[in-house]
Every structure is written in C-alpha cells, then in structure tokens.
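Read the structure below first, then the notes.
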Amino acid sequence: MNSRFKKQISLLGSILGVSLIAPTIFLSISYFEYISATRAMLRANVDSGVQRIDFLLKNGSDVLSDVARNVDPNTPNDPNSKAILQRIVYDKPLFREIGIINNQGFLTLTSFGPVDPPQKVSLDQRSNPNDSSLQILGPLQTVVMGEESIVLSLPTQELGEVNALVHPIILTEPWGVDRSLHLGNDGFFAYINTKNGEILAGIGIIPSLETIKNEQTKNLIRFSRTSYNGDVLVISEVSKNWALKKWRRMLFISGPITALTSGLMFFGALQLINQLEGLDRELKSGLENKELVIHYQPILNLKTRECVGSEALLRWYHPEQGILSPGLFIPVAEKTGLINEIGKWVVMQVSQEQKQLYDKYLDLYTSINVSPGQLNSGSLDDLINWFQKPSEENQPCQPHRFVFEITESAAAIRPGTITTDILSRLRTLGSRIALDDFGQGYSGLSYLHQLDVDILKIDRFYVAAINQNPQITNILESIIDLGNKMGFTMVAEGIETEEQHQFLCSRNVTYGQGWLYSRPVPIQEFELFLNRSRSSVDD
Ligand code: C2E
Ligand code: MG
Ligand code: MG
C-alpha cells in the first residue's frame with residue numbers, strides 16, 4: 001500500500017469518525033439522561049414512602065404510649081378505657097382499630113368495648129414482650145379484622161400489648177409514578193420489615209429480602225432507604241429495559257437519520273478528495289511537462305535603486321486556463337504533499353536559470369518562498385541534506401545565494417522548536433532567512449527579539465497604508481523603527497507609488513520590491529532589468 005493511499009484511508013477514517021462523533025455523544029448523553037431520570041423518579045418515590053412510614057411509626061408510637069398511660073390496667077372494662085380507644089379510631093383514620101392483649105395473651109379490649117369473653121391470640125400474632133419499643137408485625141389476619149393489617153404493637157408491663165391495626169394500602173395509595181410504568185412487569189415498590197424480612201406493603205411482584213440482597217443489579221435500577229428507626233426498608237426498582245424504552249425509540253428514529261448524514265458527509269469528503277486528487281495529478285503532469293515557470297520580481301536598494309536580487313514567484317502556464325497564480329495551486333500542492341517536489345524543483349530551476357547572473361554579480365541573491373507544509377513535512381530537511389551532499393544535480397546550487405522566505409503563520413520559530421533547528425541549519429549553509437508578510441499579526445512586535453531570522457519583509461498591507469491611513473502608518477513607523485534598532489534587514493513589499501518609495505527611504509528601509517519598479521517577470525526580462533539597473537548605478 002503506498003503512503004498516499006494510506007493517508008487517504010486514514011483521512012477518510014478520520015472524516016467518518018468525526019461525522020459519527022456528534023451523534024454518538026448525543027446518544028450517550030441521552031442514554032445517561034434516561035437512566036438518571038429513572039433513578040430520580042425512584043428516589044422521589046422512595047423518599048415519599050419513607051415519609052409515610054416515618055409518619056405512621058411516630059404517630060403509632062405516640063398513640064399507643066398515650067393508651068398505655070391512660071388506660072387503667074386494673075379496670076380495663078371501664079367505659080372510660082373504651083372511650084380512649086374509640087376516640088383514637090375516630091380521630092385518626094390511619095388506625096382502623098386499637099386493641100389491648102393482656103399478659104396472658106387474651107384480647108380484652110377494643111374500641112367497641114370489652115371483648116367478652118376475651119379471645120386468645122396465638123403467639124405468632126404477638127409481639128416480643130422483652131422488647132419494650134414499638135414493634136411492627138404482619139401483615140396479619142387478626143382476631144378483629146377479616147382483612148390483613150399491619151400491626152403496630154407496644155408491649156407494656158401492666159397492660160400487656162397495646163396494638164394498632166393499619167391497612168397496608170395506607171402506605172401505597174395514592175401512587176404517583178410515570179403512567180407507562182407497570183409495576184409488576186417493569187419493577188416493584190415495597191416496604192419490608194428489616195427485622196424479619198416480611199413485606200409490609202408494596203406494589204408489583206416483590207422478591208424476598210434475601211433475593212434483593214443477593215441479586216445482580218446490572219440490568220436493574222434500584223433505590224432504597226430505611227425508616228428513621230431502621231425497622232422498615234423502603235425500596236423500589238425498575239428494569240433498565242423500561243428506563244431505556246424511550247431512548248430506544250429515539251435511537252430507532254434518529255439512527256437512520258444519523259447514518260444518512262454521516263454517509264453524506266463521508267461521500268462529500270470522498271468527492272473533495274477525488275477533486276484534489278484530480279488537481280494534484282494535473283499539477284504533477286504540469287511539473288513534468290514544464291508548465292511551471294518561475295517569474296522573478298526584482299528587489300532593489302531603495303536609495304540607489306540598484307537591483308540586489310529577486311524573489312522567485314511560481315506561475316503555472318496551464319494549457320487550458322492560462323497563467324495561474326500560486327495562490328490557486330500552492331494550497332493544493334500543500335494538501336497533497338506535491339509541494340515538496342515543487343520546492344526542490346524551484347531551487348534547482350532558480351540555480352540553473354540564474355547561474356550566469358550569479359557568476360556575473362557576486363552579491364546577487366534570490367528569495368525563495370517556503371510554505372508551512374514544506375516546513376512541517378520535513379521536506380526542507382531533505383533539501384538541506386541534498387545541498388550538503390555534492391552531486392552533479394546540485395552542483396549549480398549555491399546555498400549562500402538563497403534567502404528562504406517563511407511566513408509568520410508558519411514561523412512557530414520560537415527557540416527550541418524543530419523549525420528553529422532547520423532554519424539554523426540553513427543559515428550554517430550560508431543561506432539567509434526572511435520573515436515574509438511581516439505584520440500580518442502572528443508574531444507581533446513583542447517577541448521580535450526571539451526570531452532567528454535575518455530579514456523582515458514588511459507586508460504590502462502597511463505599504464499600501466502610507467499616507468492613506470495615519471494609524472496604520474504609525475504602526476508601520478514603529479515596525480521599521482524597532483526592526484532597524486534590532487538589526488534586521490528590512491525589505492518592503494508591494495511598493496506601487498513614488499510617494500511610498502520616498503516615505504520608506506526617509507524612514508531608512510533599505511530594500512524594497514513592487515510594481516513601481518517591476519512586476520514579477522520571466523528570467524530574460526529580469527536579466528535585462530538587472531543589467532540596466534547595475535549599469536545605471538555604475539554610471
Ligand atoms: P509573497 O511571497 O508575499 O509574494 C508577494 C506577492 O505579492 C506576489 O504574489 C507578488 O506578485 C505580489 N506583488 C509584488 N509586488 C506587488 C505590488 O506592488 N502590488 C501588489 N498588489 N502585489 C505585488 P504572487 O506571485 O501571486 O504570489 C502569492 C504568494 O504565493 C506568495 O506571496 C508566496 O507566498 C506564494 N508563492 C509564490 N511562489 C511560491 C513558491 O515557489 N513556493 C511557495 N511555497 N510559495 C510560493
Ligand atoms: Mg514571499
Ligand atoms: Mg510577502
């Protein structure tokens with residue numbers, strides 16, 4: 001598999017990944033949302049259950065203590081005793097009946113009055129006499145009630161047991177949960193006596209305390225709390241299956257939409273890659289067919305107007321579309337990696353085309369643009385290695401004739417970076433480094449001193465502002481001032497008027513280029529310009 005193909009596969013993989021990230025995040029978040037909403041619902045129900053049982057137990061304890069205090073053990077048949085029990089049953093609908101079972105185990109008094117004859121209560125329906133706190137029994141079918149009741153029982157020394165009967169429904173109705181939840185199929189809600197594991201009340205199919213304790217909760221959402229005295233566990237659980245019903249429905253609807261948008265993005269990217277590939281192929285064959293041409297824009301000493309060098313600027317003589325500027329095809333070459341090949345070709349081509357001029361003018365130099373892609377991909381590294389190994393191919397290349405222009409955006413040229421290393425190797429070979437389009441706003445003046453470059457090329461934007469925009473002209477003056485003070489060679493780009501020329505001269509900018517002197521021209525025209533400029537200076 002060649003490396004470009006691998007690159008494409010990984011690019012497509014990344015695009016597919018990116019197009020799937022958003023829906024995946026959305027679905028994951030909504031998954032946890034549904035789970036946590038269900039957990040919140042269970043918590044609210046259990047909390048309200050705990051409130052109910054706590055209220056019942058506290059009331060039961062108060063009422064039964066009241067009875068124990070006020071009913072005379074010696075006269076249980078007293079009408080007053082009956083009245084005490086009756087008042088409770090009338091006043092507090094929580095309790096369906098109050099009764100007293102004497103120490104011999106006979107029910108002797110209810111709110112209806114004395115039980116005559118007293119009725120024996122079996123041991124399994126009685127509380128533990130050795131525990132003087134409020135006890136919870138049942139639910140039981142008691143002597144007085146046909147239906148099952150929860151029995152709250154307070155053992156006392158003199159009276160025996162004072163009991164209150166409570167209908168279990170008090171703990172479960174009315175029940176406010178999501179209407180789509182069918183307790184029974186989907187889960188349960190229960191009050192369980194923690195002392196004996198009896199289920200006091202509940203809704204749904206309620207497992208035993210033992211099962212609950214040992215059960216795996218992986219597929220369940222469960223919440224529980226105990227009553228204030230720890231005697232009753234209030235617990236509710238539902239299956240994750242129920243909690244995720246709505247989420248699954250959403251998945252069912254959004255799944256195909258997500259797949260469709262991801263697919264569209266993927267194929268869009270595929271087309272873009274194909275388009276780039278097409279351009280790349282064209283550019284490659286353009287390079288082979290010698291459709292790429294270098295134009296040279298003279299760089300002048302502003303005071304003497306002598307041409308000191310030139311900037312090499314690529315042009316593509318496209319067979320169908322005419323002359324294409326680098327702004328159109330350099331970005332494509334950068335994306336596809338062809339820029340590395342082009343970069344080396346430019347160096348060789350300049351060296352060949354200017355060989356005679358270099359021999360004639362020993363100080364003549366050429367500025368060559370280096371794109372960010374070239375800096376980051378290691379192609380400049382290759383170029384340096386190529387320079388260093390003498391060969392027939394690189395024989396005409398003289399590194400000291402070159403200024404390599406890097407843009408501020410590419411110039412992560414802070415001390416210690418790879419770029420700095422490459423640049424310092426180039427300088428060791430005798431080349432110089434220029435910071436192109438300076439002032440476009442990446443480096444700023446604040447760390448000019450950290451830049452390991454020789455030349456600052458002042459961006460055309462500032463030159464165009466001369467005498468047009470006073471604020472930008474002020475900034476330009478600061479840049480020039482600072483650049484000069486810090487010992488950089490300054491080259492102004494895009495000089496179009498005599499006024500701009502005069503301004504820059506008066507501010508001691510040494511060099512410049514622009515349409516005022518010459519547009520970028522083919523080598524023959526450049527040679528004429530150079531010779532003319534040198535001879536006029538000699539005169
Ligand atoms: P750059 O290096 O900033 O080049 C200066 C640009 O300003 C050139 O545009 C040039 O034609 C234009 N220019 C020069 N004087 C004037 C003037 O007085 N007025 C105006 N309005 N424009 C002027 P061009 O040739 O279109 O190049 C655009 C960019 O393409 C260059 O910007 C450079 O970054 C890049 N480039 C050109 N050749 C190469 C190359 O061989 N390799 C790489 N990597 N990039 C290149
Ligand atoms: Mg440039
Ligand atoms: Mg520039």
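The values are calculated or read from the model by the stated rules, or taken from the named source; none is laboratory data. None of the values given here were measured: they were computed from a predicted structure. With ideal geometry, Cβ positions are generated from the backbone for all residues, glycine too; neighbour counts draw on all protein chains shown.
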Filtering region 489-503 down to residues that are among the hydrophobic types (A, V, I, L, M, F, W, C) and away from ligand 2 (no atom under 16 Å from the Cβ) yields F503
ask   = Mind checking whether some residue in region 221-237 is over 26 Å from the mean Cα position of the chain (by Cα) and within 30 Å of A333 (Cα to Cα)?
value = no
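Quick check, is T261 in a loop (DSSP other than H, G, I, E, B), hydroxyl-bearing (S, T, Y), under 44 Å from the mean Cα position of the chain (by Cα) and in the same structural domain as E97 (by TED's automatic domain parsing)?
No.
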Flagged in region 70-91 as out of contact with any strand residue (DSSP E or B) (no Cβ under 9 Å at 6 or more places or on another chain) and of a type in the set (K, R), in numbering order, are R87
Q. In region 375-395, is there at least one residue being buried (at least 18 other Cβ atoms within 10 Å of the Cβ), within 14 Å of ligand 1 (Cβ to nearest atom) and either among the β-branched types (V, I, T) or not assigned by TED's automatic domain parsing to the domain that holds N531 (or both)?
A. no
Given (1) part of a loop (DSSP other than H, G, I, E, B); (2) within 16 Å of ligand 3 (Cβ to nearest atom); (3) at negative phi; (4) under 45 Å from the mean Cα position of the chain (by Cα), W515 misses just (4)
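Could you please let me know if L42 is modelled with pLDDT under 75, assigned to a helix (DSSP H, G or I), surrounded by 14 or more Cβ atoms within 10 Å (Cβ to Cβ) and in the same structural domain as K240 (by TED's automatic domain parsing)?
For L42, the condition - modelled with pLDDT under 75, assigned to a helix (DSSP H, G or I), surrounded by 14 or more Cβ atoms within 10 Å (Cβ to Cβ) and in the same structural domain as K240 (by TED's automatic domain parsing) - is not met.
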message = Kindly evaluate T473 against the criterion of being closer than 25 Å to I368 by Cα, more than 16 Å from ligand 3 (Cβ to nearest atom) and polar (S, T, N, Q).
response = no
Residue count, region 108-146, condition outside any loop (DSSP other than H, G, I, E, B) and over 60 Å from the mean Cα position of the chain (by Cα), comes to 15
Flagged pairs (Cβ under 8 angstrom, 6 or more apart or on separate chains; first in region 318-329, at negative phi; second crowded, with 16+ Cβ neighbours inside 10 Å and in a helix (DSSP H, G or I)) are H318/G286; F329/L279; F329/L283
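Within region 212-231, is even one residue touching a residue at least 40 places away in the same chain (Cβ under 8 Å), out of contact with any helix residue (DSSP H, G or I) (no Cβ under 8 Å at 6 or more places or on another chain) and within 28 Å of P139 (Cβ to Cβ)?
no
Select from region 86-107 the residues that are assigned to a strand (DSSP E or B) and among the aromatic types (F, W, Y) and list them in ascending order. So that I can check it myself, show each step before the final result.
Going through region 86-107, the residues assigned to a strand (DSSP E or B) turn out to be 95-101, 106-107.
Hits for region 86-107 are F95, F106.
One line per residue, one yes/no per condition, for (1) within 30 Å of I203 (Cα to Cα); (2) out of contact with any Leu (no Cβ under 7 Å at 6 or more places or on another chain):
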{"residue": "T110", "(1), (2)": "no, no"}
{"residue": "V121", "(1), (2)": "yes, no"}
{"residue": "S127", "(1), (2)": "yes, no"}
{"residue": "T156", "(1), (2)": "no, yes"}
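Find the strands (runs of 3 or more DSSP E) located wholly in region 277-367 whose residues include 1 or more that are basic (K, R) and more than 15 Å from ligand 1 (Cβ to nearest atom), and list them.
Answer list for region 277-367: none.
So, G494, is that one within 15 Å of ligand 3 (Cβ to nearest atom) and under 19 Å from E306 (Cβ atoms) or not?
So G494 does not fit the description; no.
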